[in-house]
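Written below as structure tokens is the structure these notes are about.
The values are calculated or read from the model by the stated rules, or taken from the named source; none is laboratory data. Just so you know, these numbers come straight off a predicted model, no measurement behind them. Glycine gets a Cβ as well: all are built from the backbone with ideal geometry, and neighbour counts include every protein chain shown.
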């Protein structure tokens, strides 16, 4: 069964590795390789939102529960991340910055569908949007190499693709299933 304290300790130990992002990915991969154990340890998702598992200046761990059919607009993290899916699906579109006559915008540069047992790293400079394309809640453990809630970052307007400051409160509402 997934044990919060053991998982946090394993991630903290992985931070001391010369290749911390890769070492944390291995910790996350081991955890989500037992999706039933993660569900037992974290509980069956009941509603969309973010459950904080650990927060420190060098490490944030959250349980991200994606509401059915929800999408979070393009955003960055300004730190590396590792995502491990333990139930449902999480589709990511990756974006790159472009400069044109409309100013600093982004354009789609790739995509990856993540399913149960997938554990993938996202580099410090990644810009991505996330969709839960299925008609039920999806759950993923997200580990960040820093204080995810304490750093200034950006999101991009989903219509114009223009950059603006990240709005934490708005995005937490979207995660919970608020469409407006």
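Between 174, 151, the distinction of being over 13 Å from the mean Cα position of the chain (by Cα) and part of a loop (DSSP other than H, G, I, E, B) belongs to 151 only. For region 153-180, filtered to residues that are more than 19 Å from residue 64 (Cβ to Cβ) and either touching a helix residue (DSSP H, G or I) at 6+ places or on another chain (Cβ under 8 Å) or without any contact (Cβ under 8 Å) to a residue 12 or more places away in the chain (or both), the residue that is surrounded by the fewest Cβ atoms within 10 Å (Cβ to Cβ) is 180.
Mind checking whether some residue in region 4-25 is assigned to a loop (DSSP other than H, G, I, E, B) and closer than 16 Å to residue 83 by Cα? Checked against the condition, which is being assigned to a loop (DSSP other than H, G, I, E, B) and closer than 16 Å to residue 83 by Cα, region 4-25 yields no hits at all. The numbered conditions (1) free of Cβ contacts under 8 Å to residues at least 12 places away in the same chain; (2) in contact with a strand residue (DSSP E or B) (Cβ under 6 Å, 6 or more places away or on another chain) are all true for residue 71 except (1). Out of all the residues in region 135-152, which are surrounded by fewer than 16 Cβ atoms within 10 Å (Cβ to Cβ) and modelled with pLDDT of 95 or more? Listed by number, the residues that qualify are 135, 136, 147.
Identify all residues within region 28-41 that are without any contact (Cβ under 8 Å) to a residue 24 or more places away in the chain and either in contact with a helix residue (DSSP H, G or I) (Cβ under 6 Å, 6 or more places away or on another chain) or over 25 Å from residue 147 (Cβ atoms) (or both); write none if there are none.
Taking region 28-41 and keeping what is without any contact (Cβ under 8 Å) to a residue 24 or more places away in the chain, we get 30, 36.
Result: 36, single match.
Restricting to region 42-90, name every residue that is touching a helix residue (DSSP H, G or I) at 6+ places or on another chain (Cβ under 9 Å) and part of a loop (DSSP other than H, G, I, E, B).
45, 48, 58, 67, 70, 80
Could you say whether any residue in region 157-167 is touching a strand residue (DSSP E or B) at 6+ places or on another chain (Cβ under 6 Å), within 18 Å of residue 60 (Cα to Cα) and at pLDDT below 95? The answer is yes, given that some residue of region 157-167 is touching a strand residue (DSSP E or B) at 6+ places or on another chain (Cβ under 6 Å), within 18 Å of residue 60 (Cα to Cα) and at pLDDT below 95.
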